[in-house]
Amino acid sequence: MPVLIDTVAWVLIENGRILCARPKGKDVFYVPGGKREGAESDLETLLREIEEELTVRLDPDSAVHAGTYEAGSPGLPGGTIVRMACYTAGYQGELTPSSEIEEMAWFSYADRESVPPVDQFLFDDLKAAGSLQ
């Protein structure tokens, strides 16, 4: 039976670029977010993960579902699927990488190959919608 890794991600686009983050000890950038803990809702997961990773508070009332994507990923056991529920939301504070994030970067569509397959599907939709340069 396939294993499902259930994640929630924050889609922040400015000037046609999407915010991505590289966790410490990893060489891959991801759309910020993370795994659901227990019975957390998408919104609870999103708020917690983004505050943990980027030290900003998302505005829960502004959160809008932007799509859910699924894909396998190299480096994961065969049959493992990553599901990523994506949301846009306003935020308060200054984007600052926490101790678990090595660096942040603003990616254009040209950087698509630098993110995992599930993130690439999001990049494709954002490009098609004209949101991502």
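Quick note: the coordinates plus some simple rules give every number you see, no bench work behind them. This is a predicted model, so every value here is computed, not measured. When we count neighbours, we look across all protein chains shown, and the Cβ atoms used for this are built from the backbone with ideal geometry, even at glycine.
Remarks
- Trypsin sites (Lys or Arg not before Pro) restricted to the stretch 1-91 and DSSP loop, no more than 14 other C-beta within 10 Å: Lys24, Lys26
- Among Ala110, Ala89, Ala66, residue whose mean-square fluctuation peaks in a GNM of the chain (springs only between Cα atoms under 10 Å): Ala110
- Distance between the stretch 89-132 and the stretch 1-78 - C-alpha centres, whole angstrom: 10 Å
- Extension gain from Ala71 to Asp124, taking 0.36 nm per residue of separation minus the Cα-Cα distance: 17.7 nm
- Highest GNM mean-square fluctuation among Asp42, Asp61, Asp111, for the chain modelled with Cα contacts below 10 Å: Asp61.
- Hydrodynamic estimate: the Kirkwood radius of the chain over Cα pairs, inserted into Stokes-Einstein at 37 °C and 0.692 mPa s, corresponds to D of 220 µm²/s.
- Residue order, fewest to most beta carbons within 10 Å, for Asp27, Asp119, Asp6, Asp59: Asp27, Asp59, Asp6, Asp119
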